[in-house]
Amino acid sequence: MALTTMVNGNGRMVIPKEIREAMDIRPGTFVLVEKESEATLRLTIVRTPNTLAAPREATTEKSESGIPSEREQLRKFLEA
């Protein structure tokens with residue numbers, strides 16, 4: 001499946017809904033971005049035991065429910 005998207009003024013791009021649904025990409029899913037060539041990027045979904053479906057508060061180390069924040073999960077993933 002190939003769909004076109006555009007990078008906005010903040011450097012963000014939207015992964016089209018059809019692809020997110022087909023690949024079970026939810027808020028909080030980590031995506032590794034790699035440059036393969038001058039015109040090619042590779043996106044790889046990183047599944048971790050701590051990746052949750054619901055978005056979390058990024059400004060605190062733990063949310064009110066005690067679940068590690070998105071920032072804390074990313075820090076732990078990068079340290080591993």
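From THR59, THR48, THR40, grab the single residue that is over 21 Å from ASP24 (Cα atoms) and at pLDDT below 75.
Numbers: THR48 fails: over 21 Å from ASP24 (Cα atoms); THR40 fails: at pLDDT below 75.
Being over 21 Å from ASP24 (Cα atoms) and at pLDDT below 75 holds for just one of THR59, THR48, THR40, which is THR59.
One line per residue, one yes/no per condition, for (1) within 24 Å of LYS76 (Cα to Cα); (2) part of a loop (DSSP other than H, G, I, E, B); (3) modelled with pLDDT of 90 or more; (4) under 16 Å from the mean Cα position of the chain (by Cα):
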| site | (1), (2), (3), (4) |
| --- | --- |
| MET1 | no, yes, no, no |
| GLY11 | no, yes, yes, yes |
| GLU21 | no, no, yes, yes |
| GLU36 | no, no, yes, no |
| THR44 | yes, no, yes, yes |
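So the check is Cβ under 9 Å with 6+ separation or different chains; which pairs have a first residue in the range 1-15 that's more than 16 Å from VAL33 (Cα to Cα) and a second one that's small (Gly, Ala, Ser) and not in a loop (DSSP other than H, G, I, E, B)?
Short answer, once both residue conditions are applied: MET1/ALA22.
I'd like to know if the range 24-32 contains one or more residues that are aliphatic (A, V, I, L, M) and exposed (fewer than 10 other Cβ atoms within 10 Å of the Cβ). Walk me through it before giving the result.
First, the residues of the range 24-32 that are aliphatic (A, V, I, L, M): 25, 31-32.
Still in the running and exposed (fewer than 10 other Cβ atoms within 10 Å of the Cβ): none.
The answer is no, given that none of the residues of the range 24-32 is aliphatic (A, V, I, L, M) and exposed (fewer than 10 other Cβ atoms within 10 Å of the Cβ).
The values are calculated or read from the model by the stated rules, or taken from the named source; none is laboratory data. Small disclaimer: the values here were computed from a predicted structure and weren't measured. In this analysis, Cβ positions are derived from the backbone assuming ideal geometry, glycine residues included, and neighbour counts consider all displayed protein chains.
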